[in-house]
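Take a look at the structure below.
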Amino acid sequence: MWKSLHIDPKKCTGCLQCEMACSVEHTGVINPSKSRIKVFSFETEGRKVPYTCTQCTDAWCLNACPVDAIRIDAATGAKQVFDDVCVGCKVCTIACPFGTINYNQDSGKVQKCDLCGGDPACAAACPTGAITYVDADWTGLDKMRAWAAKANTAVTE
Amino acid sequence: MAWNRKLLRVNLTAGTCTSEPLNMQWADEYLGSRGLASKYLVSEIDPKVDPLSPDNKMIMSTGPLTGTLASTGGRYTVVTKGPLTGAIACSNSGGFFGAEMKFAGWDMIIFEGRSPKPVYLYVENDKAELKDAAHLWGTSCWHTEEAIKHELQDPLVRVSSIGLAGENQVLFGCIVNDLHRAAGRSGVGAVMGSKNLKAVALRGTKGVAGVKDMKAFMKITAEKKKVLADNAVTGQGLPKFGTQVLMNVINEMGALPTRNHRDVQFEDAGKISAEAMHEKRPTDGKPQLVTNAACFGCTIACGRISEIDKGHFTVVNKPEYWGASGGLEYEAAWALGAANGVGDLEALQYANLLCNEQGMDPISFGATIGAVMELYEMGVLTREQIGIEAPFGSAAALARLAEMTARGEGFGKEIGQGSKRLCTKYGHPELSMTVKGQEFPAYDSRAIQGMGLTYATSNRGACHLRSYTVASEVLGIPVKTDPLTTDGKPELVKAFQDATAVFDAAGICVFTSFAWTLADVQPQIEAACEGDWSMDKLNAVGERIWNMERLFNNAAGLSRKDDDLPPRLKTEPAKTGPAKGLVNGLDKMLPEYYQIRGWTPEGVPTAETLARLGL
């Protein structure tokens, strides 16, 4: 069963623990500038929004890659960049409508979320549950539950 | 190592930026941030220097845990000689600026001299340059941050800057980073202004590479984050209510200084409390509080993001204040509210916004207004002198005086000198609620006795963050002590002072100490930093920092006589509440404190003490 990263921006406080954890997992260095998840702050609205790859099924990045450096991890469903194949042409960064695959100046390759092999460091590091890793078929479960709770049904007549 | 081992020295007179190796011997003795920057300051300046002269230096510094996953590891410190107090000034701030300095590859930045014209420092990893700031001078912190991001074409740059208050050398001017976090106290913004330094803009992409044992560090920091999450204060109270959770508690205790400390309880405390910030306003149906927010790496997230009532008289036709922005913390709500008898939550938020926008310490500003209002009610200050009527409780006066002070208009210039200079000028120095010239924060020491000693002995003037004995005396952390007696307080204050110095030096937030003791911090430092970082060593680091600051202050001309409280707190008993009839027992606590510290009866560290601490 695949799982998906599920993001609830309302719970995000903007602490960037996710960015730090992501960079440590992938580079061994605490370095938010190399994180594959990014928290955006909309100051005048008081909103913080963590944003990363949603692992499209028919992925633009994967389809655009001229050297087949982006492949599906069968275990997790993650679209994974193979560094030894990637030539750093950045075509995928143009193709992705969401901007969640990016070039890394240090490695000369592109990088994107790979779900950490099935145990995403960002979700583990999030102190508020704004980032969770849930059943891929039920990313809407929390919202459904919240709306269901509003349904005006009396317990007893 | 969790240090970058590198500092940036900026000579503003010559316009040069040079890289230097960090003195690792000193890092071993003073850890970082407050401790290490203070060591550099006391080694490089004459203690008698005029704080606003080019001979003073200003240091911005991170600690070894700054920029790491240790919860709250995002803090940086500004150390300089303070213009408000003439003592060592050390003011720290959260937000994201400190971590960025670390990511750019620097541990600290030392500013010296004075630029012939307004400049800002731009650091991009190893590159550092001074850039012209003529077009930014005369503008707010908010405008400066936005303009710098625009002109550098880099939305990810982190900026700290001074507003009009720092430029005008308001003696409680602060340095604001990330729009609403501030190195708030002791007038560090005025020093920055005196150097013609408008802002510092940082961009770092190197990260923190040198954590000693990353695996152990990840494990221990995760464990300690859980301690914060499971604690009622750091896990529930602070995220939901912010520091404002204290307003009603402290008022009930009769420890909420009201109307320039004439009273110890405020009848409108409920109207300016955390609970009030959560309540929907009758005017627009929205609560003032929009959400909570975290500083870098903080898993507590006590920060307040608020939206002012657009129809309130203070902001009608001023859309620049209508968006969500930094909201009221307990200290600001007290200083702008109870200290002046003002119970209008929206007016408080307006004054708070002005403090953030133009870079003023809301504690010292609000407390000075309290003194102005008392002098006005006594007839010492008149409407003609002030320019407006200024009785206690006037929201209109609070709002107008905030504008005048930030902009240096009319009587605002005098308010900008702080309450000590203002009250002295008008013949009533006894009405200045200060120690060493710095205004009290939000705890009345008649009802929380240990705080009297905390204030009197704080090395940066009256301050709650140097030994927050409220934790013990009110909240029972780590052990409950009786707030109404002086017994055991000298020992408590010393222990808190030394431990807090280590929290500050590490680069983490002192609010973690609601849940963490030094024993929780020690293994995080141990995993991050090379060398031995035992509890014994850290305790010695804390005590060493405290004594080093004291030695600087003594050399600057301060002495036992400056370790004192205003007569009001020692002779006018609390009128109401649990402490009714009590004054602060400082005179009983101080000699014992000196003795426990290993100082002479005159407050000078003895030769034995200095030798023991390697000073």
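The values are calculated or read from the model by the stated rules, or taken from the named source; none is laboratory data. A quick note: this is a predicted structure, and the numbers were derived from the prediction, not measured. In this analysis, Cβ positions are derived from the backbone assuming ideal geometry, glycine residues included, and neighbour counts consider all displayed protein chains.
For B:R185, the conditions (1) under 30 Å from A:Q105 (Cα atoms); (2) surrounded by 19 or more Cβ atoms within 10 Å (Cβ to Cβ); (3) in contact with a Cys (Cβ under 8 Å, 6 or more places away or on another chain) are fulfilled apart from (1).
Within region B:371-414, being of a type in the set (A, V, I, L, M), assigned to a helix (DSSP H, G or I) and within 24 Å of B:D268 (Cα to Cα) holds for B:A371, B:V372, B:M373, B:L375, B:M378, B:A395, B:A396, B:A397, B:L398, B:A399, B:L401, B:A402.
Do you know which of the residues in region B:192-218 that are part of a helix (DSSP H, G or I) and without any contact (Cβ under 8 Å) to a residue 60 or more places away in the chain is surrounded by the fewest Cβ atoms within 10 Å (Cβ to Cβ)?
Taking region B:192-218 and keeping what is part of a helix (DSSP H, G or I), we get B:192-194, B:214-218.
Among the residues that remain, those that are also without any contact (Cβ under 8 Å) to a residue 60 or more places away in the chain are: B:193, B:214-215.
Details: B:G193: 27, B:M214: 19, B:K215: 10.
Among those residues, the one meeting the criterion is B:K215.
Scanning region B:234-259 for residues that are part of a loop (DSSP other than H, G, I, E, B) and either within 10 Å of B:A338 (Cβ to Cβ) or among the acidic types (D, E) (or both) turns up B:L256, B:P257, B:R259.
Taken over region B:340-354, the criterion of being under 17 Å from B:L256 (Cβ atoms) and either out of contact with any helix residue (DSSP H, G or I) (no Cβ under 7 Å at 6 or more places or on another chain) or part of a helix (DSSP H, G or I) (or both) is satisfied by B:N340, B:G341, B:L345, B:L348. Checking each residue in region B:506-531 for being under 22 Å from B:S38 (Cα atoms) and outside any helix (DSSP H, G or I) picks out B:G507, B:I508, B:C509, B:C529, B:E530, B:G531. Is it the case, given these coordinates, that B:K588 is of a type outside the set (A, V, I, L, M), within 16 Å of B:V435 (Cα to Cα) and in a helix (DSSP H, G or I)? Against the criterion (of a type outside the set (A, V, I, L, M), within 16 Å of B:V435 (Cα to Cα) and in a helix (DSSP H, G or I)), B:K588 does not qualify. Filtering region A:97-140 to residues that are in contact (Cβ under 8 Å) with a residue 40 or more places away in the chain and in a loop (DSSP other than H, G, I, E, B) leaves A:F98, A:T100, A:D106, A:C113, A:D114, A:P120, A:C126, A:P127, A:T128, A:G129, A:A130, A:T139. One residue stands out in region B:219-232 among those that are more than 9 Å from every other protein chain (Cβ to nearest Cβ), in contact with a helix residue (DSSP H, G or I) (Cβ under 7 Å, 6 or more places away or on another chain) and not in a loop (DSSP other than H, G, I, E, B): the one that is surrounded by the fewest Cβ atoms within 10 Å (Cβ to Cβ), namely B:V227. One residue stands out among those in region A:21-33 that are in contact (Cβ under 8 Å) with a residue 40 or more places away in the chain and within 10 Å of another protein chain (Cβ to nearest Cβ): the one that is farthest from B:R304 (Cα to Cα), which is A:E25. I'd like the residue in region A:11-20 that is more than 7 Å from chain B (Cβ to nearest Cβ) and assigned to a helix (DSSP H, G or I) and, out of all such residues, is nearest to B:K226 (Cα to Cα). Taking the candidates together, the pick is A:C18. Take the residues of region A:34-55 that are closer than 20 Å to A:V81 by Cα and among the β-branched types (V, I, T): which is nearest to the other protein chains (Cβ to nearest Cβ)? Looking at residues that are closer than 20 Å to A:V81 by Cα and among the β-branched types (V, I, T), I get A:I37. Selection of region B:135-149 for residues being among the polar types (S, T, N, Q) and surrounded by fewer than 18 Cβ atoms within 10 Å (Cβ to Cβ) yields an empty set. Name the residues in region B:575-598 that are without any contact (Cβ under 8 Å) to a residue 40 or more places away in the chain and surrounded by 15 or more Cβ atoms within 10 Å (Cβ to Cβ), would you? Within region B:575-598, B:Y594, B:G598 qualify. Of the residues examined, B:G193 is one that is among the small types (G, A, S), more than 13 Å from chain A (Cβ to nearest Cβ) and within 30 Å of B:V123 (Cα to Cα).
Inside region B:244-267, can you point out the residues that are of a type in the set (D, E, K, R) and in contact with a helix residue (DSSP H, G or I) (Cβ under 8 Å, 6 or more places away or on another chain)? Those that are of a type in the set (D, E, K, R) and in contact with a helix residue (DSSP H, G or I) (Cβ under 8 Å, 6 or more places away or on another chain): B:R259, B:R262. Might you check whether a residue that is closer than 17 Å to B:T454 by Cα, out of contact with any strand residue (DSSP E or B) (no Cβ under 6 Å at 6 or more places or on another chain) and surrounded by fewer than 17 Cβ atoms within 10 Å (Cβ to Cβ) occurs anywhere in region B:544-559? Checked region B:544-559: at least one residue is closer than 17 Å to B:T454 by Cα, out of contact with any strand residue (DSSP E or B) (no Cβ under 6 Å at 6 or more places or on another chain) and surrounded by fewer than 17 Cβ atoms within 10 Å (Cβ to Cβ).
Take the residues in region B:283-302 that are part of a strand (DSSP E or B) and crowded, with 23+ Cβ neighbours inside 10 Å; name whichever of them is nearest to the other protein chains (Cβ to nearest Cβ).
First, pick out the residues of region B:283-302 that are part of a strand (DSSP E or B): B:287, B:289-293.
The next check asks that each one be crowded, with 23+ Cβ neighbours inside 10 Å; those that pass are B:289, B:293.
Values: B:L289: 9, B:A293: 6 Å.
Taking the candidates together, the pick is B:A293.
Kindly provide the set of residues from region B:560-574 that are part of a helix (DSSP H, G or I) and buried (at least 21 other Cβ atoms within 10 Å of the Cβ), ordered by number.
Residues of region B:560-574 part of a helix (DSSP H, G or I): B:560-562, B:567-571.
Correct list: B:L569 only.
Residue pairs, Cβ under 6 Å, 6 or more apart or interchain, first in region B:303-326 and at the interface with chain A (Cβ under 10 Å from one of its Cβ atoms) and small (G, A, S), second surrounded by fewer than 16 Cβ atoms within 10 Å (Cβ to Cβ) and not in a loop (DSSP other than H, G, I, E, B). List them. Pairs found: B:G323/A:T44; B:A324/A:T44; B:A324/A:E45. On inspection, B:D107 fails the criterion of being out of contact with any helix residue (DSSP H, G or I) (no Cβ under 6 Å at 6 or more places or on another chain) and without any contact (Cβ under 8 Å) to a residue 12 or more places away in the chain. Close Cβ contacts (under 9 Å, 6 or more residues apart or on different chains) running from residues in region B:477-497 that are modelled with pLDDT under 95 to residues that are aromatic (F, W, Y) comprise B:I477/B:F514.
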